[in-house]
Structures are given as C-alpha cells and as structure tokens.
Amino acid sequence: MIATTEPIVGSITDFAAEVRAGLNQPGQKTLPSKYLYDALGSALFDAITLLPEYGLTRAEERILRRHAAEIVSHVPRPALVSELGSGNGRKTRWILSQLCVREPLSYYPIEISRAALASCESELSDIDAVSIVGVEREYLDGLREVDSLRSEGSHLLLLFLGSTIGNFDRGADARFLTEVRRFLRPGDSLLLGADLMKPLDRMIVAYDDPLGVTAAFNLNLLARINRELDANFNLRQFEHVARFNHGTNSIEMHIRSKQRQTVNIKRMDWSVRLEEGETIWTEGCHKHTHESIAELAEASGFKQKAQWQDEEWPFAETLLLAS
Ligand SMILES: C[S@@+](CC[C@H](N)C(=O)[O-])C[C@H]1O[C@@H](n2cnc3c(N)ncnc32)[C@H](O)[C@@H]1O
C-alpha cells in the first residue's frame with residue numbers, strides 16, 4: 001500500500017526569501033543546499049550516485065546488503081521505519097525486506113523533493129508486507145508528523161543515510177540530531193550513514209567528476225532560480241567548484257562567477273551583483289572519523305550500539321540508541 005500525506009513543503013515566498021538572504025549576505029554568498037533538489041536536481045543526484053568517482057552510495061549499499069539482518073536484530077518489535085531525506089530509497093530495500101520478515105510494517109520516507117518521494121514510493125512498492133506513507137515535509141516537520149501517527153508501544157527505526165548529516169555544518173549537525181532525538185522514545189534507534197575521511201584526490205573527484213554531472217547538479221540551483229523566480233542567471237558565465245576545507249574536514253561546493261555581472265530576479269524585483277571570481281557556497285559535505293561520529297552521537301544524546309564499515313570506500317554505518 002502507498003499513501004502520501006498532504007504536501008505542505010515551503011512556498012515560493014520562502015524560497016525567494018532564502019535566496020535573497022543568502023545572496024545578500026556580506027562576505028561569502030550562500031544558497032541553502034536543500035534547494036538543489038527539485039525534480040531535475042533529484043534526477044541529477046541519482047545520476048551522481050552511479051558515477052564511478054562517487055563511491056559513497058555503493059559503499060553504503062554494500063554495508064546494508066551484507067549486514068541488514070544484524071542491524072535489524074537490534075530493533076525491538078513491533079517496529080516502524082522512517083527515513084530522513086530518503087531520496088529514491090533504493091538502499092532502504094535491504095532493511096525493509098529484513099524487518100518485514102518478522103511482521104508487516106509501515107515505512108515513512110520524509111522528503112522535501114516530491115520527485116524523490118515519488119521514485120522512492122515506486123522503487124519499494126513491490127515489498128508486499130510494507131505500507132509506504134510518503135511524507136512531503138522538511139526533516140523535523142516530517143518527524144513530528146510521523147511521531148503523531150505512531151501507535152503507543154511501537155519502536156521507531158529512523159534512517160539517516162547517504163552521509164546527508166555531512167551537509168550540516170559542525171555544531172549544526174549536533175543541534176539537528178538533538179532535535180531529532182527529542183522525537184525518539186526508549187527502544188527507538190537511529191541508523192546514521194557517514195562518509196569517512198580518505199585521500200584528498202578521491203574526495204575531490206567524487207564532487208568534481210570529469211563528466212560534469214555534479215557540476216550540472218550544482219548549477220541547476222541557479223537554473224531553478226531562473227525557472228521559479230524569473231531570474232536571468234546566464235549559466236555559461238558560472239562554473240562549478242569543489243574544494244576541501246582542511247579547517248572543517250569538508251568538501252565545499254561553490255558556484256563561481258566567471259566575470260563581474262549583475263543578475264536580475266524579476267519575481268523579487270531585486271538584483272544581485274557578483275564580482276569576477278566571487279563564489280556562492282551551495283553545499284558542505286563534512287567527512288567524518290570514528291572519533292567524530294562518537295562525539296556527534298554523545299553531543300546529541302545518543303548511545304552508540306554498533307558500527308559497520310566498508311573497506312573499499314571508507315564509510316561508516318552506525319546504529320545509535322535513544323539513551
Ligand atoms: C544527499 S541526498 C541523499 C539521498 C538518500 N538518502 C541517499 O542516501 O542516496 C539528500 C536527500 O535529502 C533530501 N532533503 C534535503 N534537505 C531536506 C530537508 N530539509 N528536509 C527533507 N528532505 C531534505 C533531498 O531531497 C535528497 O533526496
């Protein structure tokens with residue numbers, strides 16, 4: 001069975017306000033990474049996960065395929081599963097098919113991208129014993145809704161895969177997981193996927209592939225502003241940049257202006273000036289160590305129960321208990 005809750009994800013006014021706040025900032029201009037995921041952005045992200053340079057998704061899939069039975073053995077019954085930013089949900093199949101052997105269950109993918117949610121629902125629809133209820137919301141709003149729908153005594157397994165936690169700045173990640181923790185009850189758990197530090201050249205090329213798919217994914221954010229806010233960004237006058245910030249252990253994705261230019265955003269009746277070489281920071285992808293995962297878990301009120309790692313592409317899947 002597939003159902004979807006009534007969508008109430010951010011309006012065009014929220015989008016305009018956040019674009020303006022980010023581009024109007026003194027110093028480094030920014031745009032929120034959540035806006036990378038419109039229908040085209042979600043399709044480009046799926047293409048990224050197939051790139052030979054982007055080993056992250058395949059690493060996590062290997063971990064889940066090999067260890068799903070052991071992972072679910074830690075989850076008390078009756079259980080329900082929810083997922084923050086499910087994307088197409090392909091990797092989640094391993095967990096759901098193990099858990100539903102015990103009894104039928106409900107799965108609540110929480111997504112800001114309607115297109116990603118639709119592909120998740122169709123990707124997993126063949127697992128008969130799983131009822132899928134898509135939640136088109138931002139993470140915490142979605143979790144609040146899932147919490148309101150769950151029955152007394154059920155145990156929640158919350159998935160946060162794909163190293164999406166790395167998109168939060170240091171400090172903001174612990175604050176976010178602390179908020180997540182507030183919705184969890186004793187017996188609930190969080191399965192957290194985190195990409196680990198690896199040699200610099202491997203990390204950089206994963207976000208700057210020679211085919212240019214990641215560049216298209218990044219530049220699509222400007223194209224989205226053109227489409228939805230009637231702006232006139234000339235995409236040929238911008239380029240994708242991926243660089244490593246050694247201070248924060250993060251890959252940073254930026255969009256660099258190739259020349260001095262002024263862009264009009266008609267729907268906001270506003271224009272923004274960019275200097276030659278100036279960048280707009282669109283996404284951070286923090287890389288972890290075992291120690292930083294343990295610190296993050298502790299800072300946000302979780303207890304580490306177990307951890308699995310892929311050796312081919314250093315990546316850690318950690319099961320955290322709501323302590
Ligand atoms: C890096 S992708 C990971 C997708 C998938 N979990 C995976 O492992 O391949 C992040 C996903 O989170 C969703 N997302 C980003 N920001 C969000 C937010 N604030 N609330 C809900 N979903 C969000 C995006 O639409 C995207 O599908």
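Among the residues of the range 82-122 satisfying the criterion of being charged (D, E, K, R), crowded, with 19+ Cβ neighbours inside 10 Å and within 12 Å of the ligand (Cβ to nearest atom), which is nearest to residue 149 (Cα to Cα)? Applying the filter and picking the extreme gives 83.
In the set (1) part of a helix (DSSP H, G or I); (2) at pLDDT below 95, the condition left unmet by residue 174 is number (2). Listed by first and then second residue, the pairs with beta-carbon distance under 8 Å, at least 6 apart or on different chains, first residue in the range 153-171 and part of a loop (DSSP other than H, G, I, E, B), second within 12 Å of the ligand (Cβ to nearest atom) and of a type in the set (Lys, Arg), are 161/91; 162/91. Comparison of 17, 47, 59 shows that the only residue that is surrounded by fewer than 18 Cβ atoms within 10 Å (Cβ to Cβ), in contact (Cβ under 8 Å) with a residue 60 or more places away in the chain and within 16 Å of the ligand (Cβ to nearest atom) is 47. Among the residues of the range 52-96, those that are part of a helix (DSSP H, G or I) and among the polar types (S, T, N, Q) comprise 57, 73, 92. When the residues of the range 28-37 are filtered to those that are more than 9 Å from the ligand (Cβ to nearest atom) and surrounded by fewer than 21 Cβ atoms within 10 Å (Cβ to Cβ), which remaining residue is farthest from residue 222 (Cα to Cα)? Ranking the qualifying residues of the range 28-37, first place goes to 28. In the set (1) loosely packed, with under 14 Cβ neighbours inside 10 Å; (2) over 19 Å from the mean Cα position of the chain (by Cα), residue 67 fails one condition alone, (1). Since residue 143 meets every condition but one in (1) out of contact with any strand residue (DSSP E or B) (no Cβ under 6 Å at 6 or more places or on another chain); (2) surrounded by fewer than 20 Cβ atoms within 10 Å (Cβ to Cβ), which condition does it not meet? Every condition holds for residue 143 apart from (2). Assess whether residue 106 counts as being farther than 21 Å from residue 318 by Cβ and part of a strand (DSSP E or B). Criteria met by residue 106.
Assessment of the range 145-158 against the conditions (within 12 Å of the ligand (Cβ to nearest atom) and in contact with a Gly (Cβ under 7 Å, 6 or more places away or on another chain)) yields no matching residue.
Per the listing 139, 207, the residue uniquely without any contact (Cβ under 8 Å) to a residue 60 or more places away in the chain, of a type outside the set (S, T, N, Q) and within 15 Å of the ligand (Cβ to nearest atom) is 139. Only one entry in 271, 257, 300 is small (Gly, Ala, Ser), touching a Ser or Thr at 6+ places or on another chain (Cβ under 8 Å) and without any contact (Cβ under 8 Å) to a residue 12 or more places away in the chain, namely 271.
The values are calculated or read from the model by the stated rules, or taken from the named source; none is laboratory data. For clarity, every value in this text was computed on a predicted model and none was experimentally measured. FYI the Cβ positions are ideal-geometry reconstructions off the backbone, even for glycines, and counts take in every protein chain you see.
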